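The values are calculated or read from the model by the stated rules, or taken from the named source; none is laboratory data. Nothing here was measured: the structure is a model prediction, and the numbers come from that model. Note that each Cβ is placed from the backbone with ideal geometry, even for glycine, and that neighbours are counted across all protein chains shown.
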Amino acid sequence: MPVEMIMRLSPKQAGKLYQKSLKQEQRIKELEENNKSLLTCLHNNIVGQQSAWIEWKHGEGADAAMVWVHNGLCGPGLIPSEDEPHATNPQAYFDENHSRVDRKPEVEPSV
């Protein structure tokens, strides 16, 4: 809002505008904290995958590498349940559960 407009506000309007700006500042702070948490989770997940790859390639092999993967999923309780749909078919499980954001819209075939 331009300064000229702010100068013309009544004290009541100015107070409301100030309160609104305080709420917006608080919301920005919350979003920044959420963003930081999400980036930390993503970073730690990637580092865990990289560590598993290093274990596989230069360490004790695939079984030891899977310990890294298991710990990364088990700690936060993300191991899929055996009775989930596609729990025994990795590609179908991925297809069903990966983020919808990056999925292409399904298009009906042209006739």
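Here is a yes/no grid of residues against (1) among the hydrophobic types (A, V, I, L, M, F, W, C); (2) surrounded by 10 or more Cβ atoms within 10 Å (Cβ to Cβ); (3) under 24 Å from the mean Cα position of the chain (by Cα):
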position: ASN45; (1), (2), (3): no, yes, yes
position: ILE54; (1), (2), (3): yes, yes, no
position: GLU82; (1), (2), (3): no, no, no
position: HIS86; (1), (2), (3): no, yes, yes
position: GLN91; (1), (2), (3): no, no, yes
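Which one of these is under 30 Å from ASP95 (Cα atoms), touching a helix residue (DSSP H, G or I) at 6+ places or on another chain (Cβ under 8 Å) and of a type in the set (A, V, I, L, M): ALA14, ALA52? None of the others qualify; the one that does is ALA52.
In this structure, does ASP102 turn out to be at pLDDT below 90 and assigned to a loop (DSSP other than H, G, I, E, B)? It is true that ASP102 is at pLDDT below 90 and assigned to a loop (DSSP other than H, G, I, E, B).
The set of residues in segment 62-105 being of a type in the set (D, E, K, R) and closer than 23 Å to ASN44 by Cα consists of ASP63, ARG100, ASP102. Number of residues in segment 9-22 that are among the charged types (D, E, K, R) and surrounded by fewer than 10 Cβ atoms within 10 Å (Cβ to Cβ) equals 1. Within segment 65-92, the set of residues being touching a residue at least 12 places away in the same chain (Cβ under 8 Å) and not in a loop (DSSP other than H, G, I, E, B) comprises ALA65, MET66, VAL67, TRP68, VAL69, ASN71, GLY72.
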